[in-house]
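A quick write-up on the structure given underneath.
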Amino acid sequence: MLKEWIIEKSLIVAAMVSFVIIAFIIMIVFRAGVPLIAEVGVGNFLFGMDWRPEREIFGIFPMIIGTLLVALFSMLISVPLGILTAIFLAEVAPEIMRNILRPAIELLAGIPSVVYGFVGLMVLVPFIRTHLGPPGFSILAGSIVLAIMALPTIITISEDAIKAVPKSYKEASFAVGATHWQTIKNIILPAARSGILAGVVLGSGRAIGETMAAIMVLGNLPVIPTSVLGPIRTLTANVAMEMAYAPHGPHRQALFATGVVLFIVVSILVVISNRLRRGQ
């Protein structure tokens, strides 16, 4: 009994410590960022076209567009690949291949983002510059890198969702003469839809929140791009690049305000993901 009591109290303490840390981070970010948003105006801050900290002009709209575009294009690449890979692992692949592919996917998730960014910088950016046109640092380069980084999340959650479909569904489908592919398409995927969508949402959150790889391949210009070959700057890259030389004043507050926007966006994605996982 004493051992169980100690374990129970330890878990409660761990949960409370986690909650306090999260609350402390939220308090710091909002306390530093919200006054700047109130001073500049929500509309001017969110929809302003110019980011000129030296003149105390803080408009993050080009960076919002850049963040959304790179997340969208990375999802267009990673979602089909991730779902098809999850179907293959859960329903088609032989056991030997599963035992090879699953550790590889786990390894893919564990590679540091700076390594992805370095490979993109050394291989992908020069390839795009040579074959598609300069500058090479572009939405396309960032989307490919972030798509690869989002794949493990989408694959893992989608595979778990597919495996969670009751075997009786598959057996009933086979009993009425459906083929394996017909069963996957018409029975398993619809039944696993909420879990798959949750994986897609979490994968998009990974793309939106990524920093180091984005800095290395996107070009980091706070402008609205005219094509997928144009450079952009994301919200996370903006904070990471400028925080070092914005030690105080409105500039630093503006970076915290950017963090407030990111926090709200990611929180919305987490809520959507949780609701999808519950099938609501």
* State yes or no: is Gly219 in the same structural domain as Ala71 (by TED's automatic domain parsing) and touching a Pro at 6+ places or on another chain (Cβ under 6 Å)? => yes
* Search result, residues across segment 1-49 that are modelled with pLDDT under 85, in contact with a strand residue (DSSP E or B) (Cβ under 9 Å, 6 or more places away or on another chain) and in a helix (DSSP H, G or I) -> Val40
* Being surrounded by 13 or more Cβ atoms within 10 Å (Cβ to Cβ) and touching a residue at least 24 places away in the same chain (Cβ under 8 Å) is the filter; apply it to segment 93-118 and report the residue that is farthest from Ala198 (Cα to Cα). => Phe118
* To do: Go through the residues of segment 64-74 one by one and say whether even a single one is of a type in the set (Phe, Trp, Tyr), touching a strand residue (DSSP E or B) at 6+ places or on another chain (Cβ under 8 Å) and buried (at least 16 other Cβ atoms within 10 Å of the Cβ).
  => no
* Asked: Restricting attention to segment 174-182, does a residue exist that is within 17 Å of Thr85 (Cα to Cα), part of a helix (DSSP H, G or I) and hydrophobic (A, V, I, L, M, F, W, C)?
  -> yes
* Pairs, please: C-beta under 8 Å, at least 6 apart or cross-chain, first residue surrounded by 14 or more Cβ atoms within 10 Å (Cβ to Cβ) and in segment 120-142, second of a type in the set (Lys, Arg)? -> Pro135/Arg129; Gly136/Arg129
* To do: Could you please give the count of residues in segment 170-211 that are of a type outside the set (Asp, Glu) and within 13 Å of the chain's Cα centre (by Cα)?
  => 13
* Could you look through segment 183-204, keep only residues that are at pLDDT 85 or above and of a type in the set (S, T, N, Q), and pick out the one that is surrounded by the most Cβ atoms within 10 Å (Cβ to Cβ)? => Thr183
* Name the residues in segment 157-175 that are among the acidic types (Asp, Glu) and either closer than 15 Å to Asn186 by Cα or free of Cβ contacts under 8 Å to residues at least 24 places away in the same chain (or both), would you? -> Glu171
* **Residues of segment 205-252 classified as crowded, with 20+ Cβ neighbours inside 10 Å, part of a helix (DSSP H, G or I) and not hydroxyl-bearing (Ser, Thr, Tyr), total** => 12
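The values are calculated or read from the model by the stated rules, or taken from the named source; none is laboratory data. Given the structure is predicted, the values throughout are model-derived calculations rather than measurements. Cβ: placed from backbone, ideal geometry, glycine included. Neighbour counts: every protein chain shown.
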